Amino acid sequence: MRNTAIALLLLCGSFTAMAQQKTAATKTEKKSNMKQTIYQFKTEDLSGKNFDFATLRGKKILIVNTASKCGLTPQYKDLEKIYGNYKDKNFVIIGFPANNFGAQEPGTNEEIGAFCEKNYGVSFPMMTKISVRGKDMAPIYEFLTQKSKNGLEDSNVEWNFQKYLIDENGHLVKVVKPEVLPTDPSIVEWIKS
């Protein structure tokens, strides 16, 4: 009888341990499948000042990779237009200069800043030049392009001026092709909604 009781206690202990392991594994799996947010990232702007995405909580964010010598460079004008129209309505644009496509952004941070201000009056935040694809891809672009991190979809940055729309909770909600203008009704309606 005593041996049976001991066996039952051991068996119950095994089931309890297995249940605890399963619960811990489920929690870990759920945590790894949770969407990350843009708020975890910090970078520097063109002038070298620290920029923390956590300061943008509650705002819609349009992130765009830019270049000064691209056929799509005139999109700076449209980006500045929608920024001017909606910056006081919880909306911000963040530009990331990148030299990943046809060496179309060869300048230094200082040269990029001067070009943007002189030619397009850019007043939205422009960050330091980064890589948006390849082995040296910046962590923020890993987040934007990998479903395992953004929870929405995998994507490739196809060219300069690809746009990523981030909601007020810091989640990626849409990827917009480079040739779609920032003033496209689909983007404007999203900003206004």
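Taken together, the values in this text are just the output of simple stated rules run on the coordinates, not laboratory data. Quick caveat: nothing in here was measured; it's all calculated off a predicted structure. Every residue, glycine among them, receives a Cβ derived from its backbone with ideal geometry; neighbour counts consider all protein chains shown.
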Quick shape summary for the range 38-192, equivalent ellipsoid via Cα gyration tensor, semi-axes whole Å in descending order, reads 20, 18, 16
Grab the beta carbon distance between residue 131 and residue 88, set R0 = 41 Å, and tell me the FRET efficiency rounded to 0.05. 0.80
So if each residue of separation counts as 0.36 nm, and I subtract the Cα-Cα distance between residue 44 and residue 69, what length gain in nm does that give? 6.8 nm
In terms of Cα to Cα distance under 18 Å, which aspartates and glutamates are near enough to residue 192, apart from those fewer than 8 places away along the same chain? 78, 80, 88, 167, 168, 184
Modelled FRET efficiency - R0 35 Å, residue 154 with residue 114, Cβ distances, 0.05 increments: 0.45
The range 33-110 pair-distance distribution - Cα-Cα, 5 Å bins, rounded %: 3, 13, 20, 21, 21, 15, 6, 1
